[in-house]
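The values are calculated or read from the model by the stated rules, or taken from the named source; none is laboratory data. On a predicted model such as this, the values are computed, not experimentally measured, just so you know. Cβ: placed from backbone, ideal geometry, glycine included. Neighbour counts: every protein chain shown.
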Amino acid sequence: MWKFNENFSSLRHGIQFILFSMIFLIVIGLGSEKFYGIFGENNYSAIHLMMEILIIVVTMSISIQTWLISPYILSNRVLYIGSLFLTISFIEIAHTLTYKGMPFFITESTPYAATWFYMLGRLLLSIGVLCIYFVKEKEIKLIYRWLIYSLPFVIIISCFGILYAPTPILPPLMIEGEGPNLLKNTLQYTAIALHLVIMVISLKNFKKAPKIIFLLLCSSIYLIMSDYLYTIYKDVYDIKNFTGHIFELGAFYLLFRAIYFSSIERPFKQLVDTQEHLEKSREKMHYMAYHNEITNLPNERFLMESLKRDLYISKSQKAILAIGIERISAIKASLGSTYADQMISLIAHRLKNALPEKHLLCMLREDYFVVYIDEVKSTHQLTHLSQQLQFVMEESFQIQHFSLNSQLNIGIALFPTNSYREEELIRFALYAMHEAQKTSTRIRFYESSISNETTQRLLLENDLHDALANQELFLEYQPQLDLHTGQIKSVEALVRWQHPKKGWISPGVFIPIAEESGLIIPIGQWVLETACKQVKKWEAAGLPPIKVAVNLSLGQLFQQNLVEMILNVLEKTQLEPQYLQLEITESMTINIDHMTTILHKLKALGVTIAVDDFGTGYSSLSYLKDFPIDCLKIDRSFVQKIQSNSTDKALVDMILSMAKHLQLKVVAEGIEEIEQLSYLVESKCDTVQGFLFSKPIPPNILQENYQRLHNDAKYILDSITDSITVSE
């Protein structure tokens, strides 16, 4: 931006410079005869003296400026420029003292010495600048500036020696009454040619430093103008001579500006820009330190400082609402952080719009929000506000091609009822938030009994992170009996956790923790791979082919590489796809578009797909025609009351009839009594599993007792068949 402003400024000043110069030259050219001797012949010495003093001041300023900055910019070019302009300053002083009309100096003043001093200074300027252009810039020692700055004294003494020699060494340059002679004009045009070369060289570097090069170009143009005017004036009273001095003064001033800008102004602007950048960086760092990067909401540090400042101003009731996002960990683990971050950002936007401005909404780590309410009139107010926040979450979030839903679990802690300390208030609200998911409203006020339960749950989640690595998880397999053949042709793989200190942990306890924390993804992959390997081991041990059923979690179904992962497992274990059955639940079928796509891809692998716990979900049955489903599993809650509850019996009959018409297999779970099995045999159910035949058992036990399990099953089925025959 600074570079753009510099270029724009250079262009604007360039236009002004050209217009001014053209107007000035036109006026002088048209009225040169009228302006002859306009200041009075007796005043021209004084006018020339003033002009030369200004030129001397400018050239001396350039020299002094470079001298002063040389200790900080140890550049050979800088020192050469300073030495050059000190020399020119000395020559201009000599030119001024020897000018016609000045008092006696060494000899009577004549055009001879004055003109030669001017011409030497002019040639020295062009040649010196050109040489400095071609000198390679390098850093030199500070002591060398004394040596370099001593050269002007040597040069000016030499000039005096040549020009004031008893016998003139150099020919005259001026003819009194006629103006410059041929030699003077030749030298003047030589200086012009040298400066044209300097301009060409400068233009090649324009992009590197536009303002500096622009000033140098303008200076060169002014010098060329002055050179031209010095070649056509008649005598010292000619307006062209005065104008030439004006342009010469302007040229040196522009040179001074260029050096001043490059050595002082530009470094200063760069320093100011750097300071502004640092200040903005500090502001940005401060903002980042107190705000969440994803949502731009205040973070935990901001909240804690606000609570320390405001919580104790009055003892009026205040509240902390901890808001947990349902399924966000599973989305992050399955779809990736990008989707999860977008969803968090959209949720933050909705919450912010739903909350009154006086409430402080913060985003804390671990994907949850906190609302600080500094004035609470009643708990009903908090409940109503929580319900409003949950209501705005009902509409799905459209993130790319996914339509995602989420619910809020809200925990509430009160000041000073629950605690006087800000850290405890936040912690208690989080405890209540974790417990809120167990309630129908998903809103929970903190109670002292919650702390122990939440602490145990958090400890269990922490232990679950290491369970896989420590080989604490294992699989058991429950046989599934084919009622048509009386053989065990399939099993269901069920994950178990043997905690080293707490013993056996129920899947009903640790599976929800795994799903919430995102651990279900690595655990699910391990279960799938272990189950497929086990089927191949049984086959190697001589058992007939067995199909294994593995449950898929919701998080896995949103896993981006699920199909590739299953394919890799099948290839790695060399298990034929028809011996793997993947089980989903009805609650997973809410997002029909995504499920249809993913299930068709899985079906294309050759695996079979079953709907577990059929009849307990809330989704439309239309998915049965859209999804490539092979099997329905009747939930144990219907089977267990099949003899005593006519409604459950009717539901089982309906499921069996519907499956028959849709050409789907049916597996009944939870068979524990002969009467249940007898009814299912009569109803033409395909497969059953339950404690009546076998509980879930380790793979080695199943292998060792495979024949005995068959014999027991055959005995039970034969007894049922005999009973049915007798009754008929």
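The figures follow:
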{"item": "Looking only at the stretch 305-334, and only at residues there that are over 20 Å from Leu408 (Cα atoms) and either surrounded by 16 or more Cβ atoms within 10 Å (Cβ to Cβ) or aromatic (Phe, Trp, Tyr) (or both), the one that is nearest to the chain's Cα centre (by Cα)", "result": "Ser306"}
{"item": "Condition check for Trp526: assigned to a helix (DSSP H, G or I) and among the aromatic types (Phe, Trp, Tyr)", "result": "yes"}
{"item": "Which numbered condition Leu624 misses (of (1) at pLDDT below 85; (2) in contact with a Ser or Thr (Cβ under 9 Å, 6 or more places away or on another chain))", "result": "(2)"}
{"item": "Restricting the stretch 307-366 to residues that are of a type outside the set (A, V, I, L, M, F, W, C) and in a strand (DSSP E or B), the residue that is farthest from Gly518 (Cα to Cα)", "result": "Lys318"}
{"item": "Subset of the stretch 492-519 [under 25 Å from Ala610 (Cβ atoms) and either crowded, with 20+ Cβ neighbours inside 10 Å or of a type in the set (Phe, Trp, Tyr) (or both)]", "result": "Glu492, Ala493, Val495, Trp497, Phe510, Ala514, Glu515, Glu516, Leu519"}
{"item": "Identity of the residue in the stretch 335-359, buried (at least 21 other Cβ atoms within 10 Å of the Cβ) and of a type in the set (Val, Ile, Thr), that ends up nearest to Leu408 (Cα to Cα)", "result": "Ile347"}
{"item": "Condition met for Ser281 (modelled with pLDDT under 85, within 30 Å of Asn561 (Cα to Cα), exposed (fewer than 14 other Cβ atoms within 10 Å of the Cβ) and of a type outside the set (A, V, I, L, M, F, W, C))", "result": "no"}
{"item": "Subset of the stretch 136-188 [in contact with a Phe, Trp or Tyr (Cβ under 7 Å, 6 or more places away or on another chain) and surrounded by fewer than 14 Cβ atoms within 10 Å (Cβ to Cβ)]", "result": "none"}
{"item": "Residue among Ser83, Ser126, Ser61 that is of a type outside the set (A, V, I, L, M, F, W, C) and in contact with a Pro (Cβ under 9 Å, 6 or more places away or on another chain)", "result": "Ser83"}
{"item": "Breaking point among (1) in contact (Cβ under 8 Å) with a residue 40 or more places away in the chain; (2) farther than 18 Å from Leu582 by Cα, for Val667", "result": "(2)"}
{"item": "Complete set of residues in the stretch 330-376 that are touching a residue at least 60 places away in the same chain (Cβ under 8 Å) and either among the acidic types (Asp, Glu) or over 22 Å from Tyr431 (Cα atoms) (or both)", "result": "Ile331, Lys332, Ala333, Ser334, Leu335, Gly336, Tyr339, Met343, Asp374"}
{"item": "Counted residues, the stretch 52-62 - those being surrounded by 18 or more Cβ atoms within 10 Å (Cβ to Cβ) and in contact (Cβ under 8 Å) with a residue 60 or more places away in the chain", "result": "5"}
{"item": "Flag if Pro512 is closer than 29 Å to Gln398 by Cα, in a helix (DSSP H, G or I) and free of Cβ contacts under 8 Å to residues at least 12 places away in the same chain", "result": "yes"}
{"item": "Residue check, Ile91 loosely packed, with under 15 Cβ neighbours inside 10 Å, among the β-branched types (Val, Ile, Thr) and part of a helix (DSSP H, G or I)", "result": "no"}
{"item": "Conditions (1) closer than 28 Å to Thr530 by Cα; (2) modelled with pLDDT under 90; (3) among the aromatic types (Phe, Trp, Tyr); number of the one not met by Phe691", "result": "(2)"}
{"item": "Boolean, Ala114 is crowded, with 21+ Cβ neighbours inside 10 Å and without any contact (Cβ under 8 Å) to a residue 24 or more places away in the chain", "result": "yes"}
{"item": "Cross-chain or 6+ apart pairs with Cβ under 7 Å, the stretch 87-98 first and over 13 Å from Ser63 (Cα atoms), then polar (S, T, N, Q)", "result": "Glu92/Thr59; Thr98/Ser109"}
{"item": "Residue among Leu481, Leu475, Leu408, Leu494 that alone is aliphatic (A, V, I, L, M) and within 40 Å of the chain's Cα centre (by Cα)", "result": "Leu408"}
{"item": "Residue, nearest to the chain's Cα centre (by Cα), within the stretch 622-675, restricted to residues that are exposed (fewer than 13 other Cβ atoms within 10 Å of the Cβ) and of a type in the set (A, V, I, L, M)", "result": "Leu662"}
{"item": "Residues within the stretch 440-486 that are at pLDDT 85 or above and polar (S, T, N, Q), tallied", "result": "7"}
{"item": "Whichever residue in the stretch 418-436 is touching a helix residue (DSSP H, G or I) at 6+ places or on another chain (Cβ under 7 Å) and of a type in the set (D, E, K, R) and, among such residues, is farthest from Tyr368 (Cα to Cα)", "result": "Glu422"}
{"item": "Residue match in the stretch 340-356 (condition: under 22 Å from Tyr446 (Cβ atoms), charged (D, E, K, R) and assigned by TED's automatic domain parsing to the domain that holds Phe428)", "result": "no"}
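The rows are residues; the columns are (1) buried (at least 21 other Cβ atoms within 10 Å of the Cβ); (2) assigned to a strand (DSSP E or B); (3) in the same structural domain as Glu394 (by TED's automatic domain parsing).
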{"residue": "Thr441", "(1), (2), (3)": "no, no, yes"}
{"residue": "Ala469", "(1), (2), (3)": "no, no, no"}
{"residue": "Ser490", "(1), (2), (3)": "yes, yes, no"}
{"residue": "Ile521", "(1), (2), (3)": "yes, no, no"}
{"residue": "Gly542", "(1), (2), (3)": "no, no, no"}
{"residue": "Ala549", "(1), (2), (3)": "yes, yes, no"}
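The rows are residues; the columns are (1) within 30 Å of Glu529 (Cβ to Cβ); (2) surrounded by fewer than 14 Cβ atoms within 10 Å (Cβ to Cβ).
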{"site": "Tyr420", "(1), (2)": "no, yes"}
{"site": "Ala436", "(1), (2)": "no, no"}
{"site": "Leu460", "(1), (2)": "yes, no"}
{"site": "Leu464", "(1), (2)": "yes, no"}
{"site": "Glu472", "(1), (2)": "yes, no"}
{"site": "Leu475", "(1), (2)": "yes, no"}
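Condition check ((1) polar (S, T, N, Q); (2) under 18 Å from Leu297 (Cα atoms); (3) modelled with pLDDT of 90 or more) across all residues:
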position: Leu321; (1), (2), (3): no, yes, yes
position: Ser337; (1), (2), (3): yes, no, no
position: Leu355; (1), (2), (3): no, yes, yes
position: Glu375; (1), (2), (3): no, no, no
position: Gln400; (1), (2), (3): yes, no, no
position: Thr417; (1), (2), (3): yes, no, no
